[in-house]
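A quick write-up on the structure given underneath.
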Amino acid sequence: MRITIQQASPAQCQTKPADESKLVFGCSFSDHMFLMDFRSGQGWHDARVVPYQNLCLNPAAMVLHYGQGIFEGMKAYRTKDNHIHLYRPRKNFERMNRSAQRLCMPTMDVEDQLTILETLLRSDHEWIPKTRGSSLYIRPTMIASEPHIGVRPAKEYIYFIITGPVGAYYAEGFNPISIYVSDEFVRAVRGGVGEAKTMGNYAASLYAAEVAKHKGFTQVLWLDGVERRFIEEVGTMNIFFRTNDELLTPPLTGSILPGITRDSVITLAKHWGLNVQERPIDIQECIASIQSGAMLEIFGSGTAAVISPVGSISYKDTIYTVQDGGVGELSRKLHDEITGIQYGEKEDVFGWVHEVRI
Ligand code: COI
C-alpha cells in the first residue's frame, strides 16, 4: 500500500494541551490525519497522511442523509521506556469490517489498516502523552461521501483517522459512576444495528442520556428493546456484575457492541479461575442481588472507559447502591492488569500488545 505524507507546516500544527494530567476526553486533535477514498469499481485509493483539516463534503453526501457511517475507538500508549503500544488493534479492524458489512460499506484489509495507523502514528508520535493514565485516542471512521439522494448503499466513501491526547473518559476518573436504567427508551433491537459501531446507535442514545444527566446520573443502562427487562450495555461501555459466585455479563445476541475490553475482561477473569457467565440478566434479578448483598460489584468496560466502577443504579425512581458505593476489588484488579499490559508494565500473557516501531 502506497501512502503519501504531507507534513503539517508550523501554521497548520494544532495547539497541544499544556497539562497532560488535565486532558479532557475528545477536545484536542493531533497535527495530522489519515485520508483515503473509495469508489465502486476502483476500490480504495489515494491513501494519504495530511495536516489535520476540515473535510470537504457535498451536502448530498449520503452519510448526511441516511447515516452510512461507522467508526472505531482505539488508543496508543507510551511506556515508561518510550515504546509505543497499541492494544489488540486487529480486533478493532476486524470489527470495523463487520460494521462495514452490516451497513453495506466496503471492507479493508486488516493488515493494511494496521499499516495505515502505524504510518499516521509515526507522523504524530510526539502527541502520544507521557503521563501514565493518558493516551492518544484513535478514531478510525468511514463515511458515505457519494452525492446522491435515492436510498441505496453509496458508491463512494471516505476513510479517515483522527487522533488526540486523552485522559479519563468520565469526569469521575476511576471513581464509581452512577447509572440510570432507561425503561422508556431503547438503544437497539435484535436484528438491528446494535452490534455494529455505527453513528446512529450513538445518536439514538443521546435523548435518554440527557434525561439521565438531568437527573444527576452519568450514563444510561440500556434494557432489551422488546421486553425492556434484560440488561444490555451502557452505550459507551459493556457491563459486568460480580456476585458471590459468578462474574456475569449479557451475551452477544446482536444488539450489544462486542467490546474488545469486554473480551479481555472475560479472558482474564477465566484465566484467574472465576466462573464467568455470559447469560441474560433480568433487571429484577440485578436489583434483588443488590438488595440482598449478593451483588459485590458492578463495572463497565470499554476502550475509552477502560474499567469503570458503578457505584449505584437508578431503576424506576429508586437508587440502589452497590455494596458501599466504592471501587470493587475485581474492578481494581482488572483495571490494573489491563492498563498494566497496555503500558508494558505487566506480562502480556495473551499477546495483546502490538508495538509500533517509530
Ligand atoms: C470507545 O470506547 O472507544 C468508544 O468508541 C465509546 C465512546 C467514546 C463513543
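Each reported figure results from applying straightforward, stated rules to the coordinates on display, with no laboratory input. Just so it is clear, the structure is predicted and the values come from calculations on it, not from any experiment. Positions of Cβ are backbone-derived with ideal geometry, glycine not excepted, and every protein chain shown enters the neighbour counts.
Remark: C-alpha extents of the range 1-114 on the principal axes read 45, 33, 29 Å, sorted largest to smallest.
Counting only lysines at least 8 places from LYS215 when in the same chain, those with an alpha carbon closer than 30 Å to its own are LYS22, LYS197, LYS316.
The range 120-204 has equivalent-ellipsoid semi-axes of 30, 26, 8 Å, by the square roots of 5 times the alpha carbon gyration tensor eigenvalues, sorted largest first.
Spacing of the modelled spin labels on ASN175 and PHE350, each 7 Å from Cα toward Cβ, amounts to 3.0 nm. Per residue, the convex hull spanned by the alpha carbons of the chain comes to 141 Å³. The range 165-196 and the range 248-294 have their alpha-carbon centroids 15 Å apart.
In the range 238-319, the convex hull through the Cα atoms has an average projected area of 5.6 nm², a quarter of its surface area. Here the residues LEU64, LEU330, ranked from fewest to most Cβ neighbours within 10 Å of their Cβ, fall in the order LEU64, LEU330. Relative to the longest principal axis of the chain, what angle (0 to 90°, nearest 10) does the C-alpha long axis of helix 329-342 take? Between helix and principal axis, roughly 20 degrees. If the segment from LEU274 to ILE5 were pulled out straight at 0.36 nm per residue, it would be longer than the present Cα-Cα gap by 92.1 nm. Using the Cβ-Cβ distance between ALA203 and CYS13 with R0 set to 25 Å, the FRET efficiency from 1/(1 + (r/R0)^6) comes to roughly 0.20.
Distance from the Cα centroid of the range 51-109 to that of the range 335-358 is 22 Å (rounded to whole angstrom).
Cβ-to-Cβ counts within 10 Å put LEU57, LEU121, LEU114 in ascending order as LEU57, LEU114, LEU121, the fewest first. State, as an integer percentage, the relative contact order of the chain based on alpha-carbon contacts under 8 Å between residues 6 or more apart. The normalised contact order for the chain reaches 18 percent. Remark: spin-label model distance GLU111-LEU64 equals 3.9 nm, labels positioned 7 Å along the Cα→Cβ axis. Residue separation of CYS104 and GLN291 scaled by 0.36 nm, minus their Cα-Cα distance, works out to 62.8 nm of gained length.
Where both bridge residues fall in the range 177-342, DSSP classifies roughly 65% of the beta bridges as antiparallel. Sorting LYS213, LYS91 from the fewest to the most surrounding beta carbons within 10 angstrom yields LYS213, LYS91. The P(r) of the range 177-342 has a tail past 24 Å containing 28 percent of all C-alpha pairs.
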